[in-house]
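Okay, structure first, notes after.
The values are calculated or read from the model by the stated rules, or taken from the named source; none is laboratory data. Just so it is clear, the model here is predicted, and its values are computed rather than measured. Methodologically, a virtual Cβ is constructed for each residue, glycine included, from the backbone with ideal geometry; neighbour enumeration extends over all protein chains shown. Note: accessible area is taken over every heavy atom of the protein model, side chains too, but ligands, DNA and RNA are not part of it. Shrake-Rupley method; radii C 1.70, N 1.55, O 1.52, S 1.80 Å.
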Amino acid sequence: MADTSIFSRIIDREIPATIQYEDDEFIAINDIKPLAPIHVLLIPKKPYKTLEEVELADEKFHARYLQLAREIAQKLGISENYKIMMNVGEQVQLVHHVHMHILGGWDQTAGAETLA
């Protein structure tokens, strides 16, 4: 049996999290170690270990993932100034379950360039 990721355990409600969005295919939660004033993780419920496991031809998944990131940024009031980031590959991912970071909430003087 494959290891269950912390994200799968959150999806299954074994571990608590602050949920910002959820539907049948995705969940968005606050990051517990935020790198920005607003830092949300957008996670597919299907436990792909890395983005490379998602078929390139699965245009519906890829389009919906990016669309949801934009919708969540808008819901959180950061749509004019935010970053989306994703690590791909088991050597660079801390959690081996696909997830996208949505970061924002900086004021005009602080800027986001420190995360570049």
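Points worth noting:
- Of residues in region 75-116 being within 17 Å of the chain's Cα centre (by Cα) and open to solvent by 90 Å² or more (accessible area, probe 1.4 Å), the one modelled with the highest pLDDT: Lys75
- Residue within region 16-23 that is touching a helix residue (DSSP H, G or I) at 6+ places or on another chain (Cβ under 8 Å) and modelled with pLDDT under 95 present: no
- In the condition set (1) acidic (Asp, Glu); (2) farther than 24 Å from Asp3 by Cα; (3) in contact with a helix residue (DSSP H, G or I) (Cβ under 8 Å, 6 or more places away or on another chain), Glu59 is compliant with all but (3).
- Test: residue in region 44-52 that is without any contact (Cβ under 8 Å) to a residue 40 or more places away in the chain, of a type in the set (Phe, Trp, Tyr) and under 25 Å from Arg9 (Cβ atoms): no
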